[in-house]
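Participant: I'd like to ask you about the structure that follows.
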């Protein structure tokens, strides 16, 4: 990897930029990013959520705003995009600009340029936290974001099984590369166990056990939280709401504990 110095994008109103990453798809990374953002907003923080998954944006649907139209204003002689806001979170995604069902067939340079514009041409205003939802893997989008933005840290999402942990290990190693060196805030283990609605005290470890803790220990990270596999999470994602719209205290407490840990590590209070 070349040690080229990249010009940083200045986002003066953003205090902490946190990326949420995974090694593979299907581990619930966007679900974690979305509900973490809402958890922080509910605690009084100003929050932005940038959907950096240009090939498979899901944030608009998760927030139920996939039919919203972005507006462009003139600010200091420059045209800037105004984010969509819902649940107290400022949202921006390529999904607002590309018709539903249409895929992006872009090579690296186009992706990097589009991502740069997503961050620099948006009127983010002030935010205590910006959560960036990464696509899976370690490609152009991840490298461009790391090189262009000053990051407060990264959260790694995995499920317990060995194949997911193996891929998450590669994503984690990217952040620790000597030429990148992004602080690791911790691991979130999603789908940690299954609990039947009729038997809330029972746990069934369908995908193995301890994968998130193993990864955290390997890289000296904190295990930020374990999210069980429950029907409510799938329902709220499909319906454009959040876990806070369901009376499942276990899930709500899990996300609140994660946001508390993030706030504690970055020592940032309202």
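The values are calculated or read from the model by the stated rules, or taken from the named source; none is laboratory data. Everything quoted here is computed from the prediction, not taken from an experiment. Methodologically, a virtual Cβ is constructed for each residue, glycine included, from the backbone with ideal geometry; neighbour enumeration extends over all protein chains shown.
Participant: Determine if the stretch 20-43 includes at least one residue that is in contact with a strand residue (DSSP E or B) (Cβ under 8 Å, 6 or more places away or on another chain), closer than 27 Å to residue 143 by Cα and at pLDDT below 90.
Facilitator: Kept after step one, since they are in contact with a strand residue (DSSP E or B) (Cβ under 8 Å, 6 or more places away or on another chain), are these residues of the stretch 20-43: 20-23, 27-34, 36-38, 40-41.
Next, only the ones that are closer than 27 Å to residue 143 by Cα stay: 20-23, 27-34, 36-38, 40.
Now restrict to residues that are at pLDDT below 90: 23.
Yes - at least one qualifying residue is present in the stretch 20-43.
Participant: Got at least one residue in the stretch 192-211 being free of Cβ contacts under 8 Å to residues at least 40 places away in the same chain and in contact with a helix residue (DSSP H, G or I) (Cβ under 6 Å, 6 or more places away or on another chain)?
Facilitator: For the stretch 192-211, residues free of Cβ contacts under 8 Å to residues at least 40 places away in the same chain and in contact with a helix residue (DSSP H, G or I) (Cβ under 6 Å, 6 or more places away or on another chain): absent.
Participant: Quick one: which residue in 133, 123, 128 is under 19 Å from residue 56 (Cβ atoms) and in contact with a strand residue (DSSP E or B) (Cβ under 9 Å, 6 or more places away or on another chain)? Quick ask: steps written out before the conclusion?
Facilitator: Working: 123 fails: under 19 Å from residue 56 (Cβ atoms); 128 fails: under 19 Å from residue 56 (Cβ atoms).
Result: 133 is the single residue among 133, 123, 128 that is under 19 Å from residue 56 (Cβ atoms) and in contact with a strand residue (DSSP E or B) (Cβ under 9 Å, 6 or more places away or on another chain).
Participant: Okay, next question. Just to verify a result, which residue in the stretch 116-143, among those that are surrounded by fewer than 21 Cβ atoms within 10 Å (Cβ to Cβ) and closer than 13 Å to residue 182 by Cβ, is modelled with the lowest pLDDT?
Facilitator: Per the stated criteria, the residue is 138.
Participant: Just a yes or no: is a residue in the stretch 29-40 in contact (Cβ under 8 Å) with a residue 60 or more places away in the chain, more than 18 Å from residue 88 (Cβ to Cβ) and surrounded by fewer than 20 Cβ atoms within 10 Å (Cβ to Cβ)?
Facilitator: The answer is no, given that none of the residues of the stretch 29-40 is in contact (Cβ under 8 Å) with a residue 60 or more places away in the chain, more than 18 Å from residue 88 (Cβ to Cβ) and surrounded by fewer than 20 Cβ atoms within 10 Å (Cβ to Cβ).
Participant: Go through the residues of the stretch 242-252 one by one and say whether even a single one is over 21 Å from residue 169 (Cβ atoms), more than 21 Å from the chain's Cα centre (by Cα) and crowded, with 19+ Cβ neighbours inside 10 Å.
Facilitator: The answer is yes, given that some residue of the stretch 242-252 is over 21 Å from residue 169 (Cβ atoms), more than 21 Å from the chain's Cα centre (by Cα) and crowded, with 19+ Cβ neighbours inside 10 Å.
Participant: Looking at (1) modelled with pLDDT under 95; (2) touching a strand residue (DSSP E or B) at 6+ places or on another chain (Cβ under 7 Å); (3) in a loop (DSSP other than H, G, I, E, B), which is the only condition residue 198 fails?
Facilitator: (2)
Participant: Scanning for something under 26 Å from residue 44 (Cβ atoms) and in a strand (DSSP E or B), does the stretch 156-174 turn up at least one residue?
Facilitator: yes
Participant: Name every residue in the stretch 221-269 that is in a loop (DSSP other than H, G, I, E, B), touching a strand residue (DSSP E or B) at 6+ places or on another chain (Cβ under 8 Å) and either in contact (Cβ under 8 Å) with a residue 60 or more places away in the chain or over 21 Å from residue 27 (Cβ atoms) (or both), in order of residue number.
Facilitator: Of the residues in the stretch 221-269, the ones in a loop (DSSP other than H, G, I, E, B) are 221-222, 230, 240-242, 246-248, 267-269.
Add one more test, that the residue is touching a strand residue (DSSP E or B) at 6+ places or on another chain (Cβ under 8 Å), and what stays is 221-222, 230, 268.
Matches in the stretch 221-269: 221, 268.
Participant: Out of all the residues in the stretch 12-28, which are buried (at least 20 other Cβ atoms within 10 Å of the Cβ) and over 22 Å from residue 171 (Cβ atoms)?
Facilitator: Once the filter is applied, which keeps residues that are buried (at least 20 other Cβ atoms within 10 Å of the Cβ) and over 22 Å from residue 171 (Cβ atoms), the stretch 12-28 yields only 14.
Participant: How many residues does the stretch 10-31 contain that are in contact with a helix residue (DSSP H, G or I) (Cβ under 8 Å, 6 or more places away or on another chain) and not in a loop (DSSP other than H, G, I, E, B)?
Facilitator: 7
Participant: Taking residue 189 and the conditions (1) touching a strand residue (DSSP E or B) at 6+ places or on another chain (Cβ under 8 Å); (2) without any contact (Cβ under 8 Å) to a residue 40 or more places away in the chain; (3) part of a loop (DSSP other than H, G, I, E, B), which numbered condition does it fall short on, given that it satisfies the others?
Facilitator: Unmet for residue 189, out of (1) touching a strand residue (DSSP E or B) at 6+ places or on another chain (Cβ under 8 Å); (2) without any contact (Cβ under 8 Å) to a residue 40 or more places away in the chain; (3) part of a loop (DSSP other than H, G, I, E, B): (3).
Let's see how each residue does on (1) in a strand (DSSP E or B); (2) within 19 Å of residue 29 (Cβ to Cβ); (3) more than 20 Å from the chain's Cα centre (by Cα):
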| position | (1), (2), (3) |
| --- | --- |
| 69 | no, no, yes |
| 92 | yes, yes, no |
| 109 | no, no, yes |
| 117 | no, no, no |
| 132 | yes, yes, no |
| 138 | no, yes, no |
